[in-house]
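In what follows, a structure is listed as structure tokens, so that the remarks can point back to it.
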Amino acid sequence: MSTATSVHVTESNEAIPVNNPRFGIFKRSYSMAGFGKFMIYVALISASAFFLFPLVWMTGTSLKTVEEVGQRQLNLFPEVAQWGNYTKMLNDPAFQLAYGNSVFVVIIVLLGTVTSICLVGYAFSRLEWRGRNIVFTMMMATLMLPAQATLVPQYVLFHQLRWVPGFNPIAIPGFFAGGAALVFLLRQFMATLPKDLDEAAMIDGANPLQIWWYVIMPLSRPAVATITVFLFVGQWNNLFMPLIYLKDASLTTMPVYVAGKYNLQESPIPWQNIMTASVLFVIPVMIVFILTQRYFTEGIALTGTKG
Amino acid sequence: MLDQPKLETLLWAFGTIVFIFIGSILVAQIARAVARGFRLSPAEQLKVYWGFLFASPWIIGFVIFVVGPSLASLYYSFTDYKLGKDINWVGLDNYRSLINAEGRDGRNFNRAMFNSLYYAIVGVPLQIFAALSMALILNTTVRGVRLFRLIFYMPVILAGGPAILLAWRYMLADNGGFVNLTLGNLAESFFLFNWLYRGFIFLVEGFNGFFIGLTNGNPTGPLTFFLPAFVAFLIIISLIRGEWGDNKREIARRAIEMIGFLVGGLLVAAGLMAEPIDISWTFIWSLMVLAGWAINTHKGHATRAQLWQWLGLGLLIVGFILTLITPVPEGVEDATLGYLTAIAFASLPILFTLVQKIDHRVFLVFGALLVGIILIRVAPHQLLNGKADVLLRYMTFQSAVVQPDNLDYLNTEYIASYMDAAWLFFILIATLLGVILTKSAKLRQYTLIGATVFFGVVMINSAIDGVTYFRAYDHIAQAEGGSNFHFARFNAATSTVPDMSSNPKWLTNDLWVKPSLILINMWSAGAGMLIFLAALKGVPGSLYEAAEVDGANRVQRFFRITLPMISPAMFYNVVIGMIGALQTFEAVYILRNNDTETSVMSAAYYLFQRTFLQANIGEGSAISWLLAVIIVALTVMQFRYSNWVHYE
């Protein structure tokens with residue numbers, strides 16, 4: 001560091017030839033020599049294979065027959081794709097019930113949580129009020145507090161409210177801006193918007209509620225999308241809470257359903273059924289992820305670099 | 001479409017919205033009234049009103065779901081509350097039985113904590129290594145980087161759910177699982193790969209066998225000496241190398257502080273248990289506080305020294321009160337008096353420092369106290385039990401394991417109870433103090449050389465003891481015809497070097513479940529990768545250019561520029577990774593087997609199993625508080641010792 005700053009080369013950025021191969025993998029604006037580039041591609045593609053493989057394996061297995069699953073073999077895909085596995089699964093009432101429950105819970109949680117987080121994030125970024133720093137510090141302190149500390153007494157609370165078993169313990173707390181990390185993310189984003197906007201609206205006679213709705217919210221769409229995706233993925237995958245709170249068979253959500261498909265008592269284990277349910281379970285997450293990946297990947301960078 | 005429970009939830013949701021609406025206005029009004037009370041201007045009052053109006057959904061939720069439950073759970077943790085039954089106050093019984101591993105599955109709490117620590121200490125660095133490698137490959141301008149970034153990140157969103165974990169479970173099956181078949185085929189085809197593969201298996205089994213042996217309790221004796229001696233050795237060596245300056249003082253001071261944290265925590269825990277705490281630990285703690293005072297006044301930082309003193313005194317008082325109010329459990333020797341004596345001894349130097357009329361002669365007092373304590377410790381109690389023999393052996397560096405065939409002898413608390421790690425720390429701190437306070441360079445040199453020799457000998461001695469000890473255990477395990485001791489398994493893993501026939505038993509063997517879980521965590525390390533990528537993009541290219549002009553090669557540029565520049569991202573990933581590791585749940589739930597459960601379960605899984613499957617609220621609250629304290633302590637320590645992080 002000290003050697004670098006003492007040379008004072010910060011101004012010489014343009015002087016470096018763009019095609020200088022000597023800057024290796026550390027320089028962004030360059031084009032590499034052929035072999036280096038080839039090696040990078042080899043690394044990228046083999047790593048991608050490692051990352052994609054479980055998904056491919058899952059899909060392949062879901063199309064196999066029981067016999068094929070039982071064999072010791074390395075075939076990724078079956079000789080004849082058994083699409084019947086899917087129609088059978090889709091017609092299974094237990095599956096339909098679990099899927100419906102999952103969709104219901106996710107919708108309620110998303111509506112409540114996203115709205116409340118937007119309100120709170122606005123209060124912490126655009127409004128200036130006495131006590132803001134204290135309240136904000138308290139919120140950041142809850143990030144340190146592990147979820148386990150409140151899990152047990154919350155269970156008692158919900159039990160006394162007669163919410164167990166039921167969707168309420170999962171759906172209702174979200175309405176209170178659950179998730180300090182996401183509030184923080186939105187706050188970081190909203191803080192980057194120019195201050196003039198509020199002032200202009202204020203001069204036009206808008207109150208904070210109107211500014212929030214007509215000025216800030218439309219501009220914060222990327223951050224709100226990020227939060228929504230985070231919440232969606234987190235809630236869709238959530239296994240712990242449903243295990244505790246949705247113990248009734250009619251309340252089962254997809255994660256519990258999929259996890260319950262794997263049963264050690266069965267022999268041979270019907271992997272093709274388990275994987276069919278898994279594929280159907282993963283599809284919504286994959287679609288949302290691919291559609292919103294731009295927001296998603298940038299949103300995480302926002303939490304890390306500014307934190 | 002909507003059945004009864006769903007309608008009910010919709011109604012509750014609507015009610016909640018109304019509740020938040022009214023509650024928010026109330027909170028905002030109250031806030032404004034308070035602001036008026038503080039005589040703020042009307043414009044400021046309005047700002048307060050709007051601010052609290054918008055923030056109150058979180059404030060209300062915070063009170064209902066965080067503050068209230070936290071207080072309630074603190075109360076529950078002192079009771080035997082089970083859902084649907086009466087609440088009885090049981091004091092510290094929950095904590096005591098957890099830490100003392102009482103009851104049928106008693107050791108499971110310790111195992112779960114150890115497993116979580118394993119994920120944090122072994123898993124997190126590997127995860128970060130994976131994330132950093134991915135980020136470095138992606139930080140190039142080849143075509144399609146965005147697509148690859150998408151693929152690298154994808155596992156993160158899947159790994160939280162059961163579906164992909166089940167796919168992993170299928171792929172990792174022992175017999176006919178895809179991973180093992182592929183690896184086996186590769187190993188048969190390529191000699192070099194086979195060699196590496198066997199090496200990998202040997203490494204994993206050896207390491208995990210050793211670790212499992214540790215977590216199962218018994219064969220830890222030699223290690224309680226080896227580790228502190230090793231740490232001390234490293235600290236002393238780091239002091240010997242390089243030039244003398246403030247840097248050395250800083251290292252010594254930090255070392256003392258770090259040990260101070262650990263010992264202070266141990267003291268409070270011991271107070272909770274009202275165990276006959278070893279007098280030497282309280283003694284070390286007080287010495288540490290004194291050291292903090294001596295060094296800091298030397299450097300002119302008196303306020304921080306005072307903080308340490310008050311902290312130390314506070315901890316001792318907490319221990320004192322807890323010792324007094326906690327009833328002695330049945331079947332345990334009443335050691336309250338001994339404990340109180342120890343605390344009284346330890347309070348003396350702290351009280352000295354509070355008076356602030358102290359000079360270096362206080363160390364003479366310490367010397368006298370030390371002699372006195374050795375006398376109290378060794379005689380007459382230890383002598384009467386015939387244990388002084390072992391202490392003498394240890395102090396004269398002979399092997400302490402004299403009767404390897406005698407199981408009873410090994411199962412008594414080994415030499416740990418005769419010369420325990422506290423003494424090593426005590427000697428270390430005395431050395432460090434000597435280094436800090438001595439003005440004569442020659443004396444300093446002698447101190448350091450003496451300490452190096454001492455800790456070197458203790459290290460070698462305890463390593464030899466360790467080997468003897470492990471052999472003895474193996475011997476006994478064979479004699480009993482079973483593998484009750486996990487060290488038999490460790491020996492099996494290490495004796496056939498390398499095992500040419502078997503493949504990894506990923507999910508069915510105690511030695512492999514934790515590595516399996518870490519493998520999956522490495523597969524889904526993409527979140528860390530994105531943070532590294534953002535940090536790498538922020539490193540100015542001019543730094544590399546300047547370094548290259550100065551003749552730095554690629555490796556130097558990486559270690560001297562890239563790593564320091566991305567150290568904030570590294571720090572963030574370490575903290576988040578550690579917290580995540582202690583809370584691992586989903587992967588454990590999906591990957592566990594009945595026979596490997598105790599080897600894979602994390603603290604969060606243990607909490608789930610004990611509390612929610614058995615509705616045991618009292619004990620569950622105690623578990624969650626212990627877990628919370630550990631997580632917060634780890635995080636605080638990471639922030640405290642984060643001087644390797646460079647902020648711009």
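Return a yes/no flag: does segment B:136-152 have any residue that is touching a residue at least 12 places away in the same chain (Cβ under 8 Å), buried (at least 18 other Cβ atoms within 10 Å of the Cβ) and over 22 Å from B:Ile566 (Cα atoms).
For segment B:136-152, residues touching a residue at least 12 places away in the same chain (Cβ under 8 Å), buried (at least 18 other Cβ atoms within 10 Å of the Cβ) and over 22 Å from B:Ile566 (Cα atoms): absent.
Do we find that B:Asn88 is surrounded by 20 or more Cβ atoms within 10 Å (Cβ to Cβ) and under 30 Å from A:Pro165 (Cβ atoms) in this structure?
Spelling it out, it is not the case that B:Asn88 is surrounded by 20 or more Cβ atoms within 10 Å (Cβ to Cβ) and under 30 Å from A:Pro165 (Cβ atoms).
Taking only segment B:166-200 into account, find how many residues are surrounded by 17 or more Cβ atoms within 10 Å (Cβ to Cβ) and not charged (D, E, K, R).
Within segment B:166-200, residues that are surrounded by 17 or more Cβ atoms within 10 Å (Cβ to Cβ) and not charged (D, E, K, R) number 16.
Please go through (1) out of contact with any Leu (no Cβ under 6 Å at 6 or more places or on another chain); (2) at the interface with chain A (Cβ under 8 Å from one of its Cβ atoms) for B:Ala130 and return the number of the only condition it doesn't satisfy.
Only one criterion in (1) out of contact with any Leu (no Cβ under 6 Å at 6 or more places or on another chain); (2) at the interface with chain A (Cβ under 8 Å from one of its Cβ atoms) is unmet by B:Ala130, namely (2).
Look at B:Phe148 and say whether it is under 26 Å from B:Ile579 (Cβ atoms) and within 7 Å of chain A (Cβ to nearest Cβ).
no
Taking B:Trp625 as meeting all but one of (1) farther than 30 Å from A:Lys261 by Cβ; (2) crowded, with 16+ Cβ neighbours inside 10 Å; (3) more than 9 Å from every other protein chain (Cβ to nearest Cβ); (4) aromatic (Phe, Trp, Tyr), write down the number of the exception.
So the condition that B:Trp625 fails would be (3).
Within segment A:117-227, considering only helices (runs of 4 or more DSSP H) that don't extend past its boundaries, which have at least 2 residues that are at the interface with chain B (Cβ under 7 Å from one of its Cβ atoms)?
The qualifying helices (runs of 4 or more DSSP H) are A:132-144, A:148-160, A:168-171.
Here is a list of conditions, (1) of a type in the set (A, V, I, L, M, F, W, C); (2) out of contact with any Leu (no Cβ under 7 Å at 6 or more places or on another chain); (3) closer than 20 Å to B:Leu126 by Cβ, and B:Val555 meets all of them except one; can you say which number that is?
It is condition (3) that B:Val555 fails.
Among the numbered criteria (1) within 25 Å of B:Ala112 (Cα to Cα); (2) crowded, with 19+ Cβ neighbours inside 10 Å; (3) within 9 Å of another protein chain (Cβ to nearest Cβ); (4) not basic (Lys, Arg), which single criterion is violated by B:Pro568?
Going through the list (1) within 25 Å of B:Ala112 (Cα to Cα); (2) crowded, with 19+ Cβ neighbours inside 10 Å; (3) within 9 Å of another protein chain (Cβ to nearest Cβ); (4) not basic (Lys, Arg), B:Pro568 breaks only (1).
Any idea which of (1) under 17 Å from A:Arg132 (Cβ atoms); (2) of a type outside the set (A, V, I, L, M, F, W, C); (3) without any contact (Cβ under 8 Å) to a residue 12 or more places away in the chain is the one B:Pro57 doesn't satisfy?
Failing condition for B:Pro57: (3).
Filter segment A:57-68 for residues that are facing chain B (nearest Cβ under 10 Å) and either under 11 Å from A:Thr276 (Cβ atoms) or not in a helix (DSSP H, G or I) (or both) and give the result.
Within segment A:57-68, A:Met58, A:Thr59, A:Thr61, A:Ser62 meet the criteria.
Among residues belonging to segment B:503-523 that are polar (S, T, N, Q) and buried (at least 22 other Cβ atoms within 10 Å of the Cβ), point out the one that is farthest from B:Asn185 (Cα to Cα).
If we take residues in segment B:503-523 being polar (S, T, N, Q) and buried (at least 22 other Cβ atoms within 10 Å of the Cβ), then B:Asn521 is farthest from B:Asn185 (Cα to Cα).
Please work out which residue is nearest to B:Arg640 (Cα to Cα), limiting yourself to segment B:575-606 and to residues that are over 19 Å from the mean Cα position of the chain (by Cα) and polar (S, T, N, Q).
Selected residue: B:Thr596.
For segment A:85-109, name all the residues that are within 17 Å of the chain's Cα centre (by Cα) and within 12 Å of another protein chain (Cβ to nearest Cβ).
A:Ser102, A:Val103, A:Val105, A:Ile107, A:Ile108, A:Val109
This table checks each residue for (1) surrounded by 13 or more Cβ atoms within 10 Å (Cβ to Cβ); (2) over 35 Å from the mean Cα position of the chain (by Cα).
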position	(1), (2)
B:Gln4	no, yes
B:Leu7	no, yes
B:Gly15	no, yes
B:Val18	no, yes
B:Ile22	no, yes
B:Ala31	yes, yes
B:Val48	yes, yes
B:Ser70	yes, no
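None of the figures in this text is laboratory data; all of them are computed from the coordinates on show. Everything numeric in this text was worked out from a predicted model, so none of it was measured. In this analysis, Cβ positions are derived from the backbone assuming ideal geometry, glycine residues included, and neighbour counts consider all displayed protein chains.
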